[in-house]
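As structure tokens, the structure follows; a few thoughts come after it.
Only the coordinates and a few stated rules stand behind these numbers; no lab work does. Note that this is a predicted model, so its numbers are computed, not measured. As a convention, Cβ positions derive from the backbone with ideal geometry for all residues, glycine included, and neighbour counts pool all protein chains shown.
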Amino acid sequence: MLTELMVKPSSWIEKEIQFSQVKGLYLFKFTEELQARLDTLSEQEKQGQLNSEEEAELAGILELNQIFTLLNAKIIAQSK
């Protein structure tokens with residue numbers, strides 16, 4: 001059985017997440033630093049240049065991104 005390693009998404013909650021007001025709603029958003037890190041890791045992945053620690057970090061950030069996308073969609077849907 002193959003186990004995917006991932007940095008816990010909760011490790012970024014305290015310092016790398018912010019709220020952004022959009023049309024009167026507060027939505028979850030990455031800080032500029034975390035977004036830049038995601039962009040860097042994504043680019044390195046495309047080039048096949050990630051080590052195992054970076055792969056785990058990217059997996060965690062992507063998981064957190066999926067969670068926030070779902071939460072933000074629910075916030076928007078419930079505001080209508």
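One table, with the values for the structure above:
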quantity	calculated
In segment 11-31, the residues that are on the phi < 0 side of the Ramachandran plot and surrounded by fewer than 12 Cβ atoms within 10 Å (Cβ to Cβ)	Ile13, Glu14, Lys15, Phe19, Ser20, Gln21
Tally, over segment 67-80, of residues that are assigned to a helix (DSSP H, G or I) and of a type in the set (Gly, Ala, Ser)	2
Which listed residue is in a helix (DSSP H, G or I), of a type outside the set (Asp, Glu), surrounded by 10 or more Cβ atoms within 10 Å (Cβ to Cβ) and in contact with a Leu (Cβ under 6 Å, 6 or more places away or on another chain), from Leu64, Leu34, Leu58	Leu58
Every residue from segment 47-75 that is in contact with a helix residue (DSSP H, G or I) (Cβ under 7 Å, 6 or more places away or on another chain) and either on the phi > 0 side of the Ramachandran plot or without any contact (Cβ under 8 Å) to a residue 24 or more places away in the chain (or both)	Leu50, Glu54, Leu58
Enumeration of residues in segment 1-31 that are within 25 Å of Gln78 (Cα to Cα), among the polar types (S, T, N, Q) and either assigned to a helix (DSSP H, G or I) or in contact with a Phe, Trp or Tyr (Cβ under 6 Å, 6 or more places away or on another chain) (or both)	Ser10
